[in-house]
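Please treat every number below as a calculation from the coordinates, not as lab data. Since this is a predicted model, take the numbers as computed values, not measurements. No Cβ is skipped: glycine too gets one built from the backbone with ideal geometry, and neighbour counts run over all protein chains shown.
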Amino acid sequence: MPRHDVLVIGAGLAGQRAALAAAELGVSVAIVSKVHPVRSHSNAAQGGINAALGENDTWESHAFDTVKGSDYLGDQDAISIMCKEAPEEILHLEHLGVPFHRNAEGKLGTRAFGGASQARTYYVADITGQAIMHVLYEQLMKYSDKVDRYEEYFTTALALDDNGHCCGAVMRNVRDGSMELFEAKNVILATGGNGQIWRPTTNALICTGDGIAQAYRIGAPLMDMEMIQYHPTTLAGKGFLITEGARGEGAHLLNAKGERFMEKYAPNKMELASRDVVSRAEQTEINEGRGFPDGTVALDITVVPKKRIHEALREIVLVGRDFAGVDITREPIRIKPGNHYTMGGVKTDTDGATEVPGLYAAGECACVSVHGGNRLGANSLLDTLIFGRRAGVHAATRAKGIGFSRVSKAVLTDEERQIESIIGRERGSGRRVSEIRKELGETMDKYVAVFRDEEGLTKALETVRRLKEEAKDAYIDDKGTVFNQDVLGALELGYMLDCAECACVGALHRTESRGAQFRTDYPERNDEEWLKHINLRRGDDGPEISYSEVTITEWQPAERTY
Amino acid sequence: MATYTLRVRRQKPAEDNDQALAEPYWEDFEVELDPTLSVLDGLLQAKDQQDGSLAVRCSCRAAICGSCGVKINGQSTLACKTQIGEAQEAADRKHPDVDAGGADVPRSNGNGNNVITVEPMGNMPVIKDLVTDMESTHWTKIRRVTPWLLDDGNPPERERIVPPESMVDITQTIACIQCGACVSSCLSMEADPDFIGPAALAKAYRFVGDPRDVDTEARLNDLAQDPHGIYDCTHCFSCVDACPKGVAPMDQIMRLRRLAGHDHDIDDRNNGRRHETAFVKIIEKKGTLDESLLLQESYAQGIKGKLKPSKAAIKGLLGSLPTAIRGIKTGKMRSLPKLIPGIHPKLPGDAQDHVKRIYKHAEEHREELNLYISGVEDDEPAEVGASAETTVENAEERRDS
């Protein structure tokens, strides 16, 4: 049985950063991932990473922009930590070899990004996430004697000891189907968001909320699950992302009449208002008949010089060419708001610790909360690295002070039985797993999207609960052991449904409009009643609701205009 | 919406032994989708609606995660990046007469339509269906090139100051998503499985080209001296065609060669540098390749076409004879007179002067093979294709010699 001081689950940026930070403190570390680490979804972060590193910039300014962007739901202690530690982290990455863009003097150069009062986004063309993640993976290869890598190992459940402390996890080796209990003094979840609950989404097929649901199932509360970001520029139908960096480089948003409509919604920041504001503006144009017949508006990148596009937005040139048949250097591209980011997640403190001792969470699966009601562009990479590192350090330090607990193998047996039972279901005994997944995605995108109301949210919640029942006897085709993706898909569906239920319950419960949650039946922000986090704990009849205070240190809630 | 037939090469674990594979077979999946959707969308539809046991790695669907490397109609690529309508057109172009026999795989779906074939990547063992073992091949080769920055151990307080274009330069290789399509398509690796290969060598350039790395000379020496290193590439352009991200691995290998042989003056024991220089000199002198001079020039440099073979050259020539004879026997070397010195035709008119001018230009202007810097790609796709074909022929010739 593999045994480690720190077991990191998920190998995107947060996971890799956590593993490296823990290993530096000399404890034994394993990192497991259901896909090869470089396939992780941190790849998709195109535009950059924020830090107040410039001479005229301050961490306070970055923090204030983040607080305002969060619609005052972000916790200001966590935001302050993130913004203070950002410059050092960027320099650390530079020293490891990330080829950040340089200015003419050869120093780190920046680009403008949404919701920011200064150009403080550091970047590598439009593949920033990929570049950083590949450099961290280089470090994992370099330190292979200090960090054990388990690539293509699927975590099915977390293990608790008799005291209710997290003490490991059950793994299925995807390659041969063998199941094993991985023992650990601490487990760090870095499993990413749950965007696959929506269809379409910018998120990869692997973003199924596994860690969020697994933490929820062993009693950790989830927070602000209703806060779901719709990104302003995604390709219609396919959901592919067009980086905010395009607007950062100067691209315009146009409606079907050719009007630069952001003048009406955000006269100062225009296209670079925060994402919830821009997405609502676009959706309003579309809903009021000023979009194109296919339910889109246009992003005009042709105003950016061609050489600059090729150098700084190359990925978008490829996305336009390969997935939309559009040469973005010559013509505008049709876009619409699309599901993009999970602001909520497993509730943690600023060291990544959840309420279950021994269990940590970092990155998109966690809710510290630095993003509150709306995440600023280029703050997600920062979140993964800062809180990944902090969780790694804290978990390693904790591991030094405690021994391994006695782990019962019952959880392994339970998981093996669960998988046997899924494989044992007869073809035609219920619905196909893929059908349920599709209905879930379409339902969520219809009712739990940019604009919401009680009627729609109620429908969504009812649908999710029906699908949860149907999932219990949904069948799969693959009965084998080697690379059985079918059975993993059935497990993922279960995680997705738990997360979806929480998103619906949160959205229905929060009777106000704040950040990404816009209720047409409650169109105003209501600080008196709702300046608080919604916490959801697993109960017998679905999520049990409680609240926690928003930490406010320096910045009092104020009206939000861009 | 249109209907397509995906003919998928499948392979499952043997029934009695999980460690071994059963015989591969082809299975057809009829899928219905918009022509602008991808072959991956087609495979996922088949998996969702017909057979969930069909194994294919995939995640992002947007050509950034590098999971879904496969061969479509024989061409290594990403399934998510290939539009199914275009794959159908490619299949139709490849086999205009659908019902004609003779192909190793039947190309018709029985209704007079071509099928789109989907196979696992090449140069890697199959685990199941379209899933290959990249760990024992691709990743082992990546680890071979010391794939991390070797710095001086004393990072400055702030960032390192470097020329801005150097970062843009290595961004082209950082753009590699490790999908393995280039490895799958690599003809040299087919012949020499130990070849470090296009992906790992592109990764090596990422460090060699990085001014922050302090081990440039040692890296270059290592890659040049390795008998399976930079001189193992035959210039066939397959990896350039296969790469979904414009990394152009072969270009990076050529840049490594230029840095090793020209800039760092590394004389490798594989005779790679001298062989390459021989090509350059012969073309400079004759405009086209006079193969009768190639070996001699490679082994006894500086003679510039006058036949005065040295001992080393004779030894090298003799050592190469079995290869040459094999070439003649198998019909690869079709023109025997080419091997007779002195009869190679000159270029007509003043063409040789044009060649010389090109050489002069190349000496005065160092062109870097980097799209991020030149900022243009595929403006003239037809021309790019044509030049690629010409070079494939050259590569063939070179392997003969």
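Can you divide the C-alpha Rg of the protein assembly as shown by 2.2 N^0.38 Å and report the result to two decimal places?
Working: Rg = 29.0 Å, N = 963, 2.2 N^0.38 = 29.9 Å.
Ratio of Rg to 2.2 N^0.38 Å for the protein assembly as shown: 0.97.
Starting from the exponent 0.38 and prefactor 2.2 Å, build the expected Rg for chain A from its residue count and divide its actual Cα Rg by it.
Working: Rg = 22.3 Å, N = 562, 2.2 N^0.38 = 24.4 Å.
After normalising by residue count via 2.2 N^0.38 Å, the value is 0.92.
Which ³J(HN,Hα) values in Hz, rounded to whole numbers, follow from the phi angles of segment A:365-371 under the Karplus curve 6.51 cos²θ - 1.76 cosθ + 1.60, where θ = phi - 60° and Gly and Pro get x?
Values per residue, Gly and Pro as x: 6, 9, 9, 7, 10, 9, 9 Hz.
In nm, to one decimal, how far is the modelled label at B:R269 from the one at A:S117, with both set 7 Å along Cα→Cβ?
According to this spin-label approximation, the distance is 6.5 nm.
Going 7 Å from the Cα of B:D350 in the Cα-to-Cβ direction, what parts of segment B:270-295 have a backbone nitrogen less than 13 Å from that spot?
none
In 5 Å bins starting at zero, report the fraction of Cα pairs in segment A:222-317 per bin as a rounded %.
For segment A:222-317, the binned pair fractions read 2, 13, 23, 24, 19, 12, 5, 2, 1, 0 percent.
P(r) for segment A:97-232, please, calculated from all Cα pair distances in 10 Å bins and given in %.
For segment A:97-232, the pair-distance distribution reads 9, 25, 32, 23, 9, 1, 0.
Relative to the longest principal axis of the C-alpha atoms of chain A, give the angle of the C-alpha long axis of helix A:380-401, reported between 0 and 90° and rounded to the nearest 10°.
Value to nearest ten degrees: 30.
For chain A, what is the percent of antiparallel DSSP beta bridges, rounded to the nearest 5?
The antiparallel proportion sits near 65 percent.
Any idea what log10 I(q)/I(0) is at q = 0.14, 0.26, 0.27, 0.30 Å⁻¹ for segment A:173-215, Debye with uniform C-alpha scatterers and no solvent?
Debye intensities relative to I(0), on a log10 scale: -0.47, -0.95, -0.97, -1.01.
Can you give the FRET efficiency for A:T458 and B:E135, using 1/(1 + (r/R0)^6), R0 = 60 Å, r = Cβ-Cβ distance, to the nearest 0.05?
That gives a FRET efficiency of 0.80.
Measure off 7 Å from each Cα along the Cα-to-Cβ vector at A:A256 and A:D327, then give the distance between these two points in nanometres to one decimal.
Reported label-point gap for A:A256 and A:D327 is 2.7 nm.
Quote to one decimal, in nm, the extra length available between B:V280 and B:V214 on full extension: 0.36 nm per residue of separation minus the C-alpha distance between them.
20.7 nm
What percentages make up the Cα-Cα pair-distance distribution of segment A:407-562 when the bins are 10 Å wide from 0?
Each 10 Å bin holds this share of Cα pairs: 9, 30, 28, 18, 11, 3.
How well do other chains shield peptide A:191-204, expressed as the mean number of their Cβ atoms within 10 Å of each residue Cβ?
Mean shielding count: 1.
Cross-link list A:K142/B:K47; A:K347/B:K47; B:K281/B:K332: which exceed 32 angstrom alpha carbon to alpha carbon?
A:K142/B:K47; A:K347/B:K47
Under 17 Å from a label point 7 Å along Cα→Cβ of A:R427: give me every residue in segment B:44-73 with its amide N that close.
Answer for this model: B:45-55.
Per residue of segment A:530-545, in order, report the coupling 6.51 cos²θ - 1.76 cosθ + 1.60 (Karplus, θ = phi - 60°) as ³J(HN,Hα) in whole Hz, putting x for Gly and Pro.
Those phi angles translate into 10, 7, 7, 8, 9, 9, 10, 10, 5, x, 5, 10, x, x, 9, 9 Hz.
Based on the Cβ-Cβ distance from A:E420 to A:R537, what FRET efficiency comes out when R0 is 25 Å, to the nearest 0.05? Let's see the in-between values first.
Numbers: r = 30 Å, r/R0 = 1.19.
So, using R0 = 25 Å, E works out to roughly 0.25.
Quick one: Cα centre-to-centre distance for segment B:12-65 and segment A:295-319, in angstrom?
33
Along Cα→Cβ, 7 Å out, is where each label goes; now give me the distance between the ones at A:N103 and B:A2 in nm to one decimal.
With each label placed 7 Å out from Cα toward Cβ, I get 5.1 nm.
Which whole-number percentage describes the relative contact order of chain A, with Cα contacts under 8 Å and a sequence gap of 6 or more?
So the answer I get is 22 percent.
Report the equivalent ellipsoid semi-axes for segment A:462-502 in whole Å, largest first, defined as the square roots of five times the eigenvalues of the gyration tensor built from alpha carbon atoms.
Equivalent ellipsoid of segment A:462-502: 23, 11, 5 Å, largest first.
From the phi angles alone, apply the Karplus equation (6.51, -1.76, 1.60; θ = phi - 60°) to segment A:493-498 and give each ³J(HN,Hα) in whole Hz, x where the residue is Gly or Pro.
My calculation for segment A:493-498 gives 4, x, 5, 4, 5, 4 Hz in order.
Excluding A:T520 itself, calculate the net charge of residues whose Cβ lies under 13 Å from the Cβ of A:T520, where each Lys or Arg counts +1 and each Asp or Glu counts -1.
-3
With N residues in segment A:368-488, what two-decimal value do you get for its Cα radius of gyration over 2.2 N^0.38 Å?
Numbers: Rg = 20.8 Å, N = 121, 2.2 N^0.38 = 13.6 Å.
So the Cα radius of gyration is 1.53 times the expected 2.2 N^0.38 Å.
How many Cβ atoms of partner chains, on average, are near each residue of B:175-186 if near means within 10 Å of its Cβ? Working shown, then result.
Values: counts 10, 3, 6, 5, 2, 0, 0, 0, 0, 0, 0, 0.
Neighbouring Cβ atoms belonging to other protein chains average 2 per residue here.
Can you work out the FRET efficiency for the pair B:E86 and B:E30, with r the C-beta to C-beta distance and R0 = 25 Å, to the nearest 0.05?
FRET efficiency, B:E86 to B:E30: 0.85.
Please report the base-10 log of the normalised intensity I(q)/I(0) for segment B:116-215, using a Debye sum with one equal scatterer per alpha carbon and no solvent, at each q in 0.18 (1/Å).
Summing over Cα pairs of segment B:116-215 leads to -0.87.
Return the average number of partner chain Cβ atoms within 10 angstrom of each residue Cβ along peptide A:547-560.
What the average comes to for A:547-560 is 0.
Quick check: the angle from helix A:454-471's long axis to the longest principal axis of chain A, C-alpha only, nearest 10 degrees?
30
Determine the gain in length on full extension of the stretch A:T397-A:S61; use 0.36 nm per residue of separation and subtract their C-alpha separation, reporting nm with one decimal.
Full-extension gain reported as 117.8 nm.
Given the convex hull over the Cα atoms of segment A:155-289, what projected area results after averaging over all orientations, in nm²?
On the way: hull surface 46.9 nm².
Mean projected area of the Cα convex hull: 11.7 nm².
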